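Any read-out appearing in this document is the output of simple, stated calculations on the displayed coordinates, not a laboratory observation. Treat the numbers as computed from the prediction; the structure is a model and nothing was measured. With ideal geometry, Cβ positions are generated from the backbone for all residues, glycine too; neighbour counts draw on all protein chains shown.
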Amino acid sequence: MGDQSKSGYWMLIGTDDRLKRNDSTIIFDIDRSKFLSGFVIQRGGDLYAYVNHCPHNGSRLDWVPGDLFDETGKYLICATHGAIFEPETGKCVGGPCINQTLIQMNVKRDQQNIYVEVLPSLLL
């Protein structure tokens, strides 16, 4: 599934051609048996990865897979309760979980490939 390391493993989740637009996302499974997924977004050339899990109630942010941005394209939004998150920090800036944050994952680009680090704490 990926390279093992002391801290976790790196999972290949796609190639950067899937992130051509600023509001593009890559959705990926972390652990299907736990219905746990994540997503990667690109802002200003930088990649950000988060667990697809709202801190308010644990639901996925997207009802439609990959549809994570509000109508302005500026913020991530939870489709369940309307919580608004900064894409670059994962911090909730509006809604029922104000000042809480999404669980951020390490992400790296190697050539055209995009990898995220799956830590053991995510799989508990």
Report summary line: Two pseudo-spin positions, 7 Å from Cα along C-beta at N99 and at K20, lie apart in nanometres by 4.3 nm
Query - Fluctuation leader among C54, C78, C97 - the chain, Gaussian network, Cα springs under 10 angstrom - result: C97
Query - Value of relative contact order over the range 2-123, rounded to a whole percent, pairs C-alpha under 8 Å and six or more apart - result: 26 percent
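What stretch of the chain, leaving out the sites themselves, is the longest with no trypsin sites (Lys or Arg not before Pro) in a DSSP loop having at most 11 other Cβ atoms within 10 Å?
Maximal segment without exposed cleavage sites: 22-124.
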